[in-house]
Amino acid sequence: MFDLIIRNANLPDGSEGFDIGLAGGRIAAIEKRIDATAGEEIDATGRLVSPPFCDPHFHMDATLSLGLPRMNVSGTLLEGIALWGELRPLLTKEALVERALRYCDLAVTQGLLFIRSHVDTSDPRLVTAEALIEVRERVKPYIELQLVAFPQDGYYRAPEGEKSLERALDMGLDIVGGIPHFERTMEDGRRSLEALCRIAAERGLPVDIHCDETDDPMSRHVETLAAETVRYGLQGRVAGSHLTSMHSMDNYYVSKLIPLMAEAEINVIPNPLINIMLQGRHDTYPKRRGMTRVRELMAAGLNVSFGQDCMMDPWYAMGSADMLEVGHMAIHVAQMGGIEDKKRIYEALTVNSARTMGLEGYGLEVGNRADLVVLQAADVVEALRLKPTRLLVVKCGKVISRSAPRIGELFLEGRPASIDPGRDYVPRS
Ligand SMILES: [Zn+2]
């Protein structure tokens, strides 16, 4: 009757001891006790079973290129962009595909099965788009990859920026991207948003903009993005990535801006690892954090999801394809350490991201896709604290990755022989 039953699972809402039955690639039952047999049964032993993680903001054309052709010495965003400009003419399709596939292998072991990647369209060769389209097809059985046509060097500022972006969309990229704060003037940035939203409306595509990734309190591209979204009737289909200028804006102005964003149903995508690393670089002390106003945006009802943005590339030498690392940083930077805060951060890494990405059939409910992850932790709060091992990753009802639990053996007189960090340190309530 079932292909696979996962028994004794803790669910993300905090309920414990459920069985999850999977059949025909779908979740067929979630019950306290499923009285049936299955092709395979797995005992989750009271661990957290979660829907897979989603990364709504990544750069898969740049990942794992760290050190090519040299390292980022200053560690700044602008040197990162310059460095990427040096590497770009040297990129080959073969190398791009190989690095992306290797990244996806790691992502699967981390339970990360939905990724939205920006794809740089600045080089008219469009070797990046060609490679990532091939990767999208090859990983389809295990990762859903969405591709954004992203004019890294500016839609107007790059010599063939406008044409290259349209050609990349013609090739089959899924989403319209942009970078208004990198155009030559505020006015060019404003015009780029008008053009990009118009293109999206004409083609029936979503929009995802690197918007105001600066510390400039006077930057106004977020309001333009919200206004153009409403003008073209794109409500709910537009994402504003980064929005770091909002950290530095005047409070009165933000009190007007957030309702505009809510009216446009902008999906907000902060990138905590990258924002805390790259923003505030012109400050001495005190130094701004630079992440957008997560708590206030959530309170206003906006859909907030977090992106990893980078892993081992010209901008960020760290990262591990772990969305819990992203959530862990978000908790610190947004100072959202309360228990309800943490539950909302976990939702941002799962259901909110799924909404940003427009995923269908996502989540642990009967009838949805049989995609799930078993973690070496008891609940979502512990998962954020521990960034634990993903013991099992299931896609379409099939186990696609398995990792041994992290168990520390001890050789100490009078102390236990081993510890399980996911079980032996759970808070007692
Ligand atoms: Zn980015």
I'd like to know if the range 319-336 contains one or more residues that are within 23 Å of PHE58 (Cα to Cα), at pLDDT 95 or above, within 16 Å of the ligand (Cβ to nearest atom) and over 15 Å from the mean Cα position of the chain (by Cα). no
If you go through the range 287-306 one residue at a time, do you hit one that is within 15 Å of the ligand (Cβ to nearest atom), closer than 20 Å to ALA227 by Cβ and either out of contact with any helix residue (DSSP H, G or I) (no Cβ under 7 Å at 6 or more places or on another chain) or of a type in the set (A, V, I, L, M) (or both)? no
When both residues are 6+ apart or on different chains and their Cβ atoms are under 6 Å apart, which pairs have a first residue that lies in the range 282-307 and is in contact (Cβ under 8 Å) with a residue 40 or more places away in the chain, and a second that is part of a helix (DSSP H, G or I) and charged (D, E, K, R)? ASN303/ARG355
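Tell me whether the range 98-120 contains one or more residues that are farther than 14 Å from THR63 by Cβ, of a type outside the set (Lys, Arg), modelled with pLDDT of 95 or more and within 16 Å of the ligand (Cβ to nearest atom).
Within the range 98-120, none of the residues are farther than 14 Å from THR63 by Cβ, of a type outside the set (Lys, Arg), modelled with pLDDT of 95 or more and within 16 Å of the ligand (Cβ to nearest atom).
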Which of the residues that make up the range 48-63 are more than 16 Å from the ligand (Cβ to nearest atom) and either modelled with pLDDT under 95 or out of contact with any Asp or Glu (no Cβ under 7 Å at 6 or more places or on another chain) (or both)? VAL49, SER50, PHE53
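Tell me, which strands (runs of 3 or more DSSP E) wholly within the range 363-408 include 3 or more residues that are charged (D, E, K, R), within 21 Å of GLU340 (Cβ to Cβ) and without any contact (Cβ under 8 Å) to a residue 12 or more places away in the chain?
Because the criterion is at least 3 residues that are charged (D, E, K, R), within 21 Å of GLU340 (Cβ to Cβ) and without any contact (Cβ under 8 Å) to a residue 12 or more places away in the chain, no strands (runs of 3 or more DSSP E) in the range 363-408 meet it.
Here's the yes/no breakdown for (1) within 16 Å of the ligand (Cβ to nearest atom); (2) surrounded by 13 or more Cβ atoms within 10 Å (Cβ to Cβ); (3) within 25 Å of ALA378 (Cβ to Cβ); (4) touching a residue at least 24 places away in the same chain (Cβ under 8 Å):
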| residue | (1), (2), (3), (4) |
| --- | --- |
| GLY24 | no, no, no, yes |
| ILE30 | no, yes, yes, yes |
| ARG33 | no, no, yes, no |
| ALA36 | no, yes, no, yes |
| ILE42 | no, yes, yes, yes |
| MET71 | no, no, no, yes |
| SER74 | no, no, no, no |
| LEU78 | yes, no, no, no |
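The values are calculated or read from the model by the stated rules, or taken from the named source; none is laboratory data. The structure displayed is predicted, hence computed values, not measured ones. Cβ sites come from the backbone with ideal geometry, for glycine too, and all protein chains shown count toward neighbours.
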